[in-house]
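See below for the structure under consideration.
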Amino acid sequence: MNLSIFGLGYVGAVSLACLARDGHHVIGVDIDRSKLDAIAAGRTPVVEEGMVDLVKSVAASGRVHVTTDVSEAIGASELSLISHGARLSFASFLSDHEREDFAEALASALAAAKIPAARG
């Protein structure tokens, strides 16, 4: 299955690695270029047991792609997951402006792909 994961902190990065290990093609999306560069180079952006070898393996497998482009990820995915971090420092949360930018980019990408969003 082609998947995308938005947010590559602890939950998103581990999910990306595990899903790719299990044979899925996974697009990781984040605004932090250093996280994207690390994953693309086969390095883990988070400290978690087993991630060093796992990210190295899945990056080499060709099943992982990383980008900052929301539309690219939505257009190439059958399922998208949003992983919003709960960081320890208040200062490290996304700003209201960054959240609004992401919501607008996601809405535009969904509309362009003509994919209905699930409603709760």
What are the residues in the stretch 26-54 that are closer than 14 Å to residue 14 by Cβ, among the hydrophobic types (A, V, I, L, M, F, W, C) and in a helix (DSSP H, G or I), if any?
38, 39, 51, 52, 54
For the stretch 12-58, what are the residues that are under 14 Å from the mean Cα position of the chain (by Cα) and small (Gly, Ala, Ser)?
12, 13, 15, 17, 20, 28, 34, 38, 40
Here is a list: 59, 13, 38. Which entry is surrounded by 15 or more Cβ atoms within 10 Å (Cβ to Cβ) and touching a residue at least 24 places away in the same chain (Cβ under 8 Å)?
13
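Read the figures in this text as sums done on the coordinates, not as results from a lab. Because the structure is a prediction, the values reported are computed rather than measured. All Cβ positions, even for glycine, are placed from backbone atoms using ideal geometry, and neighbour counts span all protein chains on display.
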